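Comments concern the structure below.
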Amino acid sequence: MEFVRNFPFISIILSLFSGPLSSILDRKKAKWWNMIVIGLIGAMSLAVLMYVLGTGEAYVYTMGHFTAPWGNEIRVGVLEAFMAFFFCVVMFLCMLGGIREREAEIEESKQNLYYVMINLLLSSLIALIYTNDLFTAYVFVEINTISACGLIMIKQNGRTIVAATRYMIMSLLGSGMLLLGICFLYGITGQLLMSNIQEQVHRIASEGSYHIPLLVSMGLMSIGLAIKSALYPFHGWLPDAYGYSTVSSAAILSSLVSKGYIFLLVKIFYRVIGFDIVMDSKVINVLFVFGIAGMIMGSIDAIRENNIRRMIAFSSIAQIGYIYMGFGLGTTEGVVASIYHIVSHAATKSLLFVSAAGITDVSGDSTDFFDLTGAGYRNKLAGVAFTAGSLSMIGFPIFSGFISKLLFAQAAVGHTFKMLPTLIALAISTILNTIYFMKTVIRIYTPMRKSRDREKKNTVVRMTDQPLKSAALICFILMNVILGLRSETIVLMIQNGLKMFG
């Protein structure tokens, strides 16, 4: 067996054991060890991606060389390797771009704990991507939840503690529903390995038995993961969790944590249940309705906000709605559009949160819109980066967001009942996106009155003043442009990955 096949397992174990190691290292050593681990796992994921692209087929890695049901399995295809690599790149840049804020906002005695949580979070995300066992997936969902809660409340002010409490309550509700769904599915199939469950589900469906328990199981798992990924109307915890945590935490939570749950849902649809059975169950119609509602209501809430970080957080609710709307179309094209939007949104939302931190840095650390006046001149790179992220969210050509909306529109065309609602929702959401993002861009490029300049001294930040944040912002901008201009390659990779899912 080629050694590269071991890399997914090594990645999970490396990040998992790096957590305890980070707790005993010196604070600075823990910080750089964390960056090294993310970089190593990203490099291994890239090697796995190249290997799978070369062979053209997925492979199964049996841990401990014990076959199921006694052993556990990792299943690796193009889509899994690509998502693991992409998640590592985004996490690395989020950590790089938020170094200054982390050191300023988190007590020195708790910074090691922060890196413990990051390592555990990375381990859970990689495991959710690769695992072929449904119960193992649930275990890492819980690790993901605990780690994310720690990232929210590490700042320890009143708002973050309340936000973490709300997040934990809603997340545990979602986890409970997911576990109940898994229990129902285990009860009627007697299997926990994803591929084995699918065989039994197809047999059950062909016999016409256990129809109601199977439907209940699908509904519980879908709604449970929808709650955890903040699909409207289960989004109440999100604005405070993203709006008041540290910059790195907000960027990682919005870009990766919710996407890990959504990717698990894709695996359940394709590898556990079978997408044809999911379509027949009509569960996707519920997700379609909730997705369209989220697209509109999330944008309306964002328009009402006068806090830039909470506005970006509400925007995430709308973008999660896009993803579930794509699933709800019930076609392979819709799923491809949703997975591409997972990638696009991860790259763009991280860019927006990190650039917003640069904007507030030169505005007296205020997140209020009125105080951001002229911030684009005081921190030119952050202003350009926020503008690029805003244009991507709106759907401006050359950026990744344009490709997402184009793919959603193409997937909807020809659908008998869902084409018109989808196209109307896309149009309305795009208009609303334009209102709140362009309102912010106009504000940061509105010259400040001289009297106010004297009243409130604002610093000017150059690229050389914050080289790490500047490097992260430039990489995020380039990532958005590359995703927009080289979208055919990414879409083809997603299509091939879905074919390997079966």
- Item | For Met438, solvent-accessible area (1.4 Å; no DNA, RNA or ligand), Å² | 50
- Item | Size of segment 210-292 as Cα extents on the principal axes (Å, biggest first) | 47, 23, 20
- Item | Rounded accessible area per residue of segment 267-386, 1.4 Å, Å² | 22
- Taking every alpha carbon pair in segment 82-237 and sorting the distances into 5 angstrom bins from 0 up to the bin holding the longest one, the percent per bin comes out as 2, 9, 14, 17, 17, 15, 10, 7, 5, 3, 1, 1, 0
- Rg/Rg_ref, segment 26-66, where Rg_ref = 2.2 N^0.38 Å and atoms are Cα: 1.68
- Message: Given an 8 Å cut-off on Cα distances and at least 6 residues of separation, report the relative contact order of the chain as a percent.
- Response: 15
- Message: In whole percent, and with a 1.4 Å probe on the protein chains, what portion of the accessible area of segment 251-330 is carbon and sulfur?
- Response: 62
- Note on the structure: Carbon plus sulfur, as percent of the 1.4 Å-probe accessible area of segment 22-62, comes to 64
- Can you work out the accessible area per residue across segment 11-157, with the rest of the protein chains kept in place, probe 1.4 Å, in square angstrom? 37
- Charge context of Pro239, other residues only, Cβ under 14 angstrom, K/R +1, D/E -1: +3
- Which percent of the accessible heavy-atom area of segment 78-156 goes to carbon and sulfur, probe 1.4 angstrom? 66
- With DNA, RNA and ligands ignored, accessible area of Cys183 (1.4 Å probe; Å², nearest 10): 80
- Query: Among residues other than Gly219 whose Cβ falls under 14 Å from its Cβ, what is the net charge (Lys/Arg +1, Asp/Glu -1)?
  - Reply: 0
- For the chain, what is the mean residue ellipticity at 222 nm derived from helices alone (per DSSP H run of n ≥ 4: -39500 (n - 2.57); sum divided by total residues; nearest 500 deg cm²/dmol)? -25500 deg cm²/dmol
- Roughly what angle does helix 134-153 make with the longest principal axis of the chain, taking Cα atoms, 0 to 90 degrees, to the nearest 10? 10
- Note on the structure: So, over other residues within a Cβ distance under 15 Å of Ser392, counting Lys, Arg +1 and Asp, Glu -1, the net charge is +3
- Query: Taking the mean number of other Cβ atoms within 10 Å as a proxy for protection, how do you rank 228-240, 196-208 from highest to lowest?
  - Reply: 228-240, 196-208
- Message: For the chain, take the longest principal axis of its alpha carbons; what is the angle in degrees between that and the long axis of helix 78-97, to the nearest 10 within 0 to 90?
- Response: 20
- Message: Given the C-alpha atoms of the chain, compute the convex hull and give its volume per residue in Å³.
- Response: 133
- Query: Between segment 69-103 and segment 372-450, what's the alpha-carbon centroid distance in Å?
  - Reply: 26
- Query: Sorting His415, His211 by accessible area (1.4 Å probe), largest first, what list results?
  - Reply: His211, His415
- Crossing angle, helix 194-207 versus the chain [Cα axis fit, 0-90 degrees, rounded to tens]: 60
- Task: Of the options Thr446, Ser255, Thr422, report the single residue whose Cα projects farthest towards the positive end of the charge dipole of the chain (beta-carbon charges: Lys, Arg +1; Asp, Glu -1).
- Result: Thr446
- Mean Cβ-within-10 Å packing, highest first, puts peptides 335-341, 365-371, 105-111 in the order 335-341, 365-371, 105-111
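The values are calculated or read from the model by the stated rules, or taken from the named source; none is laboratory data. Keep in mind the model is a prediction, meaning the values are calculated, not measured. Please note: Cβ atoms are built from the backbone with ideal geometry, for glycine as well, and neighbour counts cover all protein chains shown. Quick note on the areas: whole protein, heavy atoms, side chains included, nothing else; ligands and nucleic acids left out. Shrake-Rupley method; radii C 1.70, N 1.55, O 1.52, S 1.80 Å.
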